[in-house]
1. Go through region 220-246 and give me each residue that's surrounded by 14 or more Cβ atoms within 10 Å (Cβ to Cβ), farther than 19 Å from Glu360 by Cβ and at pLDDT 90 or above.
2. Show the residue pairs that are 6+ apart or on different chains and have beta-carbon atoms under 6 Å apart, the first residue being within region 343-358 and more than 17 Å from Leu390 (Cα to Cα) and of a type in the set (A, V, I, L, M), the second being open to solvent by less than 30 Å² (accessible area, probe 1.4 Å) and in a loop (DSSP other than H, G, I, E, B).
3. For the subset of region 150-165 comprising residues that are open to solvent by 40 Å² or more (accessible area, probe 1.4 Å) and touching a residue at least 24 places away in the same chain (Cβ under 8 Å), which member is farthest from Trp338 (Cα to Cα)?
4. Please give the number of the condition Gln282 fails out of (1) buried (at least 18 other Cβ atoms within 10 Å of the Cβ); (2) among the polar types (S, T, N, Q); (3) over 19 Å from Val264 (Cα atoms).
5. Scan region 193-201 and give yes if some residue there is part of a helix (DSSP H, G or I) and either surrounded by fewer than 18 Cβ atoms within 10 Å (Cβ to Cβ) or touching a residue at least 40 places away in the same chain (Cβ under 8 Å) (or both), otherwise no.
6. Considering only strands (runs of 3 or more DSSP E) fully contained in region 306-413, which possess at least 3 residues that are open to solvent by less than 10 Å² (accessible area, probe 1.4 Å) and among the hydrophobic types (A, V, I, L, M, F, W, C)?
7. Would you tally the residues in region 260-278 being open to solvent by 10 Å² or more (accessible area, probe 1.4 Å), of a type outside the set (D, E, K, R) and under 13 Å from Leu374 (Cα atoms)?
Amino acid sequence: MRVLFTVFPATAHVQPIVPLAWALQNAGHQVRVAIHPDAVDLVTSAGLAAVPVGPQDHLQHVIACNSDIEKLDMLDDALALDTASDERWEQQWLQLTRILSVFTPVLPDLVELARDWQPDLVLWDPFCVPAAVAATAAGAAHARILWGRDNIAWFRARSVERLAAGAEDPVRALMAPLLEPYGLPYTEELLLGQWTVDPMPPGLRLPVDLPYLPIRRVPYNGAAVLPSWAVARPAVPRVCLTLGVGGRGHQVFQESGVSFAELVEALSRLPIELVAAVDGKQRATVAQVPDNVHLIDYLPLNHLLPTCAAIVHHGGGGTFATAVAHQVPQCVIPMNFWNESAIGAYVVEHGAGIRIEPRELTAERLTRELTALLADPAHAAGAAALHRELLSTPGPAEVLPLLEELTRRHRAG
């Protein structure tokens, strides 16, 4: 069958789809990935075929975030879901529907692509709602493919409850200009998919009444040439300090008031080998790099973590999933944007690591907590338990028969 992925043009959105796209290709299916023209390298570098869609000048501010960390100051916790609180959800839902609308200029290109190529299945990023419209216009089956918790579906369910009391529906305002040119009526499938491919572990999934296809998230963190030291087993415990390809973690230093140089100096005094992935400006703040420290631009975590005894990170979904896949205990400093706080809590609840709130972070606190993390075998046992839970969910190749059956069931005609 022909499968079209439609992906939001950000590294943290592209990398999660790669293992499933590979599995489809390996099974003989044809795969193409629709993405903004300036982000095609994210796709082609993974060995997949990219199709540019949308105006060149559209979403430039998003594309820039893939390489310019300073532009990430616009990110905050406005979209982070707190299911225990009822204070902000309505304002958050309105903001989220506005964010969904920014992808609308891509619709004409997506419809043309879908009608020309005639995919059997369109798998779309939850931020790429026009892909559902294009799939419907072309008679294809379509499903969302998540990269984190299903906040959109949770907010929508809460919104529908309020609609019964006469509240206005912001989704109608979002969808009307997309549907009118093609004479399509609105259905909830156009916002939430005919089904949803969900890579989150069972304990992190939200209680939403929708059809989900669980899939194990197989880590893909990009391509690289590995230095010799990264392949060898270190003589002392190796610890990775990373802030994620999405860049949200770089704001840890602003939130905490502690500098990167202070952390490096403090951690270098421990009997460990520290590998810190940083940008050039942060590296320049370290006047002298200690002998037991590697400062690197980037190294795919799925290649680095097999040799690590612990990882310190900001709670990103990709980093968390890679650590779980390699049974590495975690120290999570959650910079909340989507589900980072939930991930930090999940790690602690399962005994697989520790959590430090950014506002409570100091060099002394991190040194003390990391020392305890490395010394206590219970954290390694917790990491192994998380790994067993991960393996209970079918991998990309294993879900293909179900994906094929769902496509046959939902494809028009």
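The values are calculated or read from the model by the stated rules, or taken from the named source; none is laboratory data. Predicted, not measured: the structure shown is a model, and the values here were computed from it. So basically every Cβ, Gly included, is an ideal-geometry build from the backbone, and we count neighbours across all protein chains shown. Side chains included, ligands, DNA and RNA excluded: accessible areas come from the protein's heavy atoms. Shrake-Rupley method; radii C 1.70, N 1.55, O 1.52, S 1.80 Å.
1. Passing the criteria: Tyr220, Asn221, Gly222, Ala230, Pro234, Pro237, Arg238, Val239, Cys240, Thr242.
2. Ile356/Ile333
3. Arg162
4. With respect to (1) buried (at least 18 other Cβ atoms within 10 Å of the Cβ); (2) among the polar types (S, T, N, Q); (3) over 19 Å from Val264 (Cα atoms), Gln282 is out only on (3).
5. If we filter region 193-201 for residues that are part of a helix (DSSP H, G or I), which is where we start, we get none.
There is no residue in region 193-201 that is part of a helix (DSSP H, G or I) and either surrounded by fewer than 18 Cβ atoms within 10 Å (Cβ to Cβ) or touching a residue at least 40 places away in the same chain (Cβ under 8 Å) (or both).
6. Answer list for region 306-413: 310-313.
7. Residues meeting the conditions: 2.
To keep it simple, each residue is scored yes or no on (1) of a type in the set (A, V, I, L, M); (2) open to solvent by 20 Å² or more (accessible area, probe 1.4 Å); (3) at pLDDT 75 or above.
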| site | (1), (2), (3) |
| --- | --- |
| His61 | no, yes, no |
| Asn66 | no, yes, no |
| Leu72 | yes, no, no |
| Glu87 | no, yes, no |
| Trp93 | no, no, yes |
| Leu96 | yes, no, yes |
| Ile99 | yes, yes, yes |
| Asp109 | no, yes, yes |
| Ala114 | yes, no, yes |
